[in-house]
Amino acid sequence: GLTLGSVLAASSPDARRGAYACNVTYCTAREVAFDYLRDGLAAGSAGSELQQRTRRLTGNGAAAPLLRGLCMALLDEADSLLIDEATMPLVLAQQAADPQQRAMCFAALALARQLRPGIDVQVDRDGGRIVWLDAGALHLERASAELEGAWRNRQHRHDMVSAALEALHLLERDQHYLVSDGKVALLDAVTGRAAPGRVWSRGLQTLVELKEGCTPSPTTLTRAQISFQSFFGRYLRLCGMSGTLTEARAEIRALYGRDVVMIGLHRPSQRQVWPERLFADSAQLWQATLRRVVALHTLGRPLLIGTDSVLDSEAFCARLEAAGVAHQLLNARHDQAESEIVARAGERGCVTVATRMAGRGTDIVLGPGVAELGGLHVICCQDNPSPRLDRQLIGRAARQGDPGSAETFRTLDAATRRDTWTSRLLRVCRKHDDDGAFALPSWLVRHWAARLQAEDEARQIRQRRRLLEQDREWERRLSFTTLHA
């Protein structure tokens, strides 16, 4: 007896309003969050005295809000929304002609190309930031001495060139974004899918487009913004599910006041997790991965290989093609057929190469006779910042009590940090197996990776907390402005 509705990207305002009026509404998190922002803007404009008088004179009432309120949210893949995507601000913007801003981006990019990494600035790829050195600050001041207008402001000059340096040195093509038909499309860091409609702020979008030789898109002005962690924290009741929530239980408790409850498996797991292996560099890792694929493919077992980027997936596919191994590729260039590709990944002899976790929402069903061969085998070649993401990929094997196996290949050159513990590990790595992997026990490789992932997670937790504080400060300022307008 419940009424059901759904909201799609193409849904009209009336269709959205009708869907949200139902007892249960299905939608993506982005759609409902942006509708919440639109309602907020409409409510703000509805409060204008001039507009209220106009409506009274014309007989036109204010449009009803899209949402009925934030009563209860039930989240699928809850950790992806509340943790992994929490730092991505959702910005409701409008296009605005601003030739001055575009000219400043041109100048900022030219100045940034004059600065030398390691001498003028330090590029911290691990922390995702640019660190200015004394020589760089002096160089910038001299190089921009003849520029007029906003360039005379030291803070503005520093911020613009820092963004240009980020575009040049931190954002990489086919890893953070795609270039297709002369346009730059952002890639979702969690799923590896293209994210249409999502753009960088602070002029960063224009800077990346100029870097790639694309026509700059129109400048946008921010009208409202929010993050997932701020938005979902406003629901009266919040719950969700995921197979990888236990590692994040402390942060979910601290930020959202929710506990994590473990639910037993529907059927006993038959997954076999093979020992983790560590290689000196990516070349050895991919060569060993190819040998493993060829060996298991000969037996008829289906395989799923997880990669970090579009570039890695296409490079490995080239190796498979050279070895004569038929395969299918799933990355941001092929995500239109995502469900179909992943659904076939369990067929006998099928080899699938996937970027990040693209396609994880589709169950991989084993083909006839595959269970007797051992089921699907997953090879994780991703340098994940969290053990949760490792488990999400490994969890594609042995679903619903089916047989299956998984293993993780790691490489030293993927870890940009070289801490004391890593140096000690390198000193004891004297022996190698036939594939070039270090002859180390699996628990030691796992412990080494866990240390690096713990550092990554601690840094990301700090970043999420800073974003939440920024959201609260943004709201405080807006509420002050409204009360005193």
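Note down the nm distance, to one decimal, between modelled labels 7 Å out along Cα→Cβ at residue 156 and at residue 9.
A separation of 3.5 nm, rounded to one decimal place.
Roughly how big is the range 89-190's charge dipole about its Cα centre, with Cβ charges of +1 (Lys, Arg) and -1 (Asp, Glu), in debye to the nearest 20?
Charge dipole, the range 89-190, about its Cα centre: 200 debye, nearest 20.
Working out 0.36 nm times the residue gap between residue 131 and residue 340, then minus their Cα-Cα distance, what length gain in nm do you get to one decimal?
70.8 nm
With every protein chain in place, what's the accessible area of residue 131 (1.4 Å probe, Å², nearest 10)?
50
With unit charges on the beta carbons (Lys and Arg positive, Asp and Glu negative) and the dipole taken about the Cα centre of the chain, which residue among 150, 315, 64 sits farthest to the positive side?
64
If r is the Cβ-Cβ distance from residue 298 to residue 321 and R0 is 22 Å, what FRET efficiency results, to the nearest 0.05?
The pair residue 298/residue 321 has a calculated efficiency of 0.85.
Would you check the accessible area of residue 151, probe 1.4 Å, heavy atoms only, in square angstrom rounded to 10?
Accessible area of residue 151: about 20 Å².
Please calculate how many Å² of accessible area the chain carries per residue, with a 1.4 Å probe and no DNA, RNA or ligand atoms counted.
53
Test of understanding: what is the full-extension gain from residue 372 to residue 147, defined as 0.36 nm times their sequence separation minus their Cα-Cα distance?
73.8 nm
Measuring from label point to label point, each 7 Å out along Cα→Cβ, what is the residue 94 to residue 454 span in nm?
Between residue 94 and residue 454, the label points sit 5.1 nm apart.
By the gyration tensor of its Cα atoms, with a ≥ b ≥ c the square roots of the eigenvalues, what is the shape of the chain: rounded for a/c under 1.5, prolate for a/b over b/c, or oblate?
Here the chain falls in the oblate category.
State, to one decimal in nm, how far the label point of residue 473 lies from the label point of residue 274, with both points 7 Å from Cα in the Cβ direction.
In this crude label model, residue 473 to residue 274 measures out at 5.0 nm.
Based on DSSP H runs of at least 4 residues, each adding -39500 (n - 2.57), what is the mean residue ellipticity at 222 nm of the chain after dividing by all its residues, to the nearest 500 deg cm²/dmol?
-12500 deg cm²/dmol
Quick check: residue separation of residue 447 and residue 314 times 0.36 nm, minus the Cα distance between them. What number comes out in nm?
Contour length minus the Cα-Cα distance gives 44.9 nm.
Under a point-charge model restricted to the Cβ atoms of Lys and Arg (+1) and Asp and Glu (-1), what is the dipole moment magnitude of the chain relative to its Cα centre, in debye to the nearest 20?
940
Please give the residues of the range 307-338, grouped as numeric ranges, whose backbone N is less than 18 Å from a label point set 7 Å along the Cα-to-Cβ vector of residue 183.
Residues passing the 18 Å test: 332-337.
Please check which bits of the range 6-22 a label hung off residue 63 would reach, taking the label as a point 7 Å along Cα-to-C-beta and the cut-off as backbone N under 14 Å.
Hits in the range 6-22 for residue 63 at 14 Å: 11-18.
Let's test the formula: R0 of 30 Å, r as the Cβ-Cβ distance of residue 267 and residue 24. What FRET efficiency results, to the nearest 0.05?
The value I calculate is 0.60.
Restricting to bridges with both residues inside the chain, how much of the DSSP beta-bridge set is antiparallel, in percent to the nearest 5?
35
Specify whether the C-alpha gyration tensor of the range 265-306 places it in the rounded, prolate or oblate class, a ≥ b ≥ c being the square roots of the eigenvalues: rounded for a/c under 1.5, otherwise prolate if a/b is larger than b/c and oblate if not.
Verdict is oblate for the range 265-306.
The values are calculated or read from the model by the stated rules, or taken from the named source; none is laboratory data. None of the values given here were measured: they were computed from a predicted structure. We place every Cβ from the backbone using ideal geometry, glycine too, and count neighbours over all the protein chains shown. Side chains included, ligands, DNA and RNA excluded: accessible areas come from the protein's heavy atoms. Shrake-Rupley method; radii C 1.70, N 1.55, O 1.52, S 1.80 Å.
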